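One structure below.
The values are calculated or read from the model by the stated rules, or taken from the named source; none is laboratory data. Fair warning: this is a prediction, and the values are worked out from it, not measured in the lab. Here Cβ is always computed from backbone atoms with ideal geometry, including for glycine, and neighbour counts include all displayed protein chains. Please note that ligands, DNA and RNA were not included when accessible areas were found on the heavy atoms of the full protein model with its side chains. Shrake-Rupley method; radii C 1.70, N 1.55, O 1.52, S 1.80 Å.
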Amino acid sequence: MIEVEADPPERVDGRAARAERTRAAIVEAHLALIDSGDLRPTGERIAERAGVSLRTLWTNFKDMETLFAATGRRVGERQAALWRPVSPELPLTARIAAFCDQRARLLEVLAPSARASALREPFSPQLRRNREAAVARVRHEIEAVFAPELAHAGPGRAQLLDALTVAGTWSSWSMMRDSMGLDVDAARAVMARMLGALLVDAIAAGLR
């Protein structure tokens, strides 16, 4: 019996680290192309931008769906680096202002990827999962930031949460920024007005 000597751990670790760097470079290249306006970058363009061969790209990502998953995680990391919790103990007007300021920043970070995803989402289960995860994150944040007002809503809590979520997600932001041509400050003000109207109405309904 011939014994085959296993690779030493440091060699295995080195290969794993290089592979991880290659995958990260491919994801960053994908995002860089999207950020520059190439909303449907091909594998060839992504590989060229990353400085790798097309074969290396598809060795690390078996198809576009797996690349979309990795890119979605990276966009989430970009947003997480900017996110700061908004205390539910603040007065309502201060919470609305802080939430909308933050959402505006995060949605502008998301914008190029969201526009690119819209072109391919009907044909991509992974992109639909990415969008569902993004909606779930903002919904969870709204539940935390506006917990007192949601508690006042009683039986209407679920509907109020749905309405607040719609006001704070990419679809509404895209309507304001892309369809209506509002600048960031104007779009943020409209978001704040929508949230304020919904929350004040919920408080008033709870007092009746």
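Worth pointing out:
- Checked against (1) open to solvent by less than 40 Å² (accessible area, probe 1.4 Å); (2) over 18 Å from the mean Cα position of the chain (by Cα); (3) within 22 Å of residue 40 (Cβ to Cβ), residue 123 passes all but a single condition, namely (1).
- Of all residues in segment 150-183, exactly one satisfies the criterion of being of a type in the set (Ser, Thr, Tyr) and under 18 Å from residue 200 (Cβ atoms), namely 165.
- Taken together, the criteria place residue 96 among residues that are over 25 Å from residue 119 (Cβ atoms), touching a helix residue (DSSP H, G or I) at 6+ places or on another chain (Cβ under 8 Å) and either open to solvent by 50 Å² or more (accessible area, probe 1.4 Å) or modelled with pLDDT of 95 or more (or both).
- Residues in segment 149-208 that are more than 24 Å from the chain's Cα centre (by Cα) and on the phi > 0 side of the Ramachandran plot: 154 alone.
Quick grid of which residues meet (1) more than 23 Å from the chain's Cα centre (by Cα); (2) crowded, with 20+ Cβ neighbours inside 10 Å; (3) without any contact (Cβ under 8 Å) to a residue 12 or more places away in the chain:
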| position | (1), (2), (3) |
| --- | --- |
| 29 | no, yes, no |
| 35 | no, no, no |
| 46 | no, yes, no |
| 54 | yes, no, yes |
| 58 | yes, no, no |
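- Here residue 69 fulfils each of the conditions (1) modelled with pLDDT of 95 or more; (2) under 30 Å from residue 202 (Cα atoms); (3) among the aliphatic types (A, V, I, L, M) apart from (2).
- Residue in segment 48-68 that is of a type in the set (D, E, K, R) and outside any helix (DSSP H, G or I) present: yes
Residues checked against (1) open to solvent by 60 Å² or more (accessible area, probe 1.4 Å); (2) farther than 15 Å from residue 106 by Cα:
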position	(1), (2)
127	no, yes
136	no, no
143	yes, yes
170	no, no
180	yes, yes
198	no, yes
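- Segment 71-86 - residue that is assigned to a loop (DSSP other than H, G, I, E, B) and in contact (Cβ under 8 Å) with a residue 24 or more places away in the chain and, of those, most open to solvent (accessible area, probe 1.4 Å): 85
- Being touching a Gly at 6+ places or on another chain (Cβ under 8 Å), closer than 23 Å to residue 178 by Cβ, among the charged types (D, E, K, R) and assigned to a helix (DSSP H, G or I) holds for only one residue in 103, 139, and it is 103.
- Apart from one condition, residue 144 fits all of (1) more than 23 Å from residue 36 (Cα to Cα); (2) not in a helix (DSSP H, G or I); the exception is (2).
- Positions within segment 145-168 being in contact (Cβ under 8 Å) with a residue 24 or more places away in the chain and closer than 20 Å to residue 108 by Cα, in sequence order: 164, 165, 167, 168
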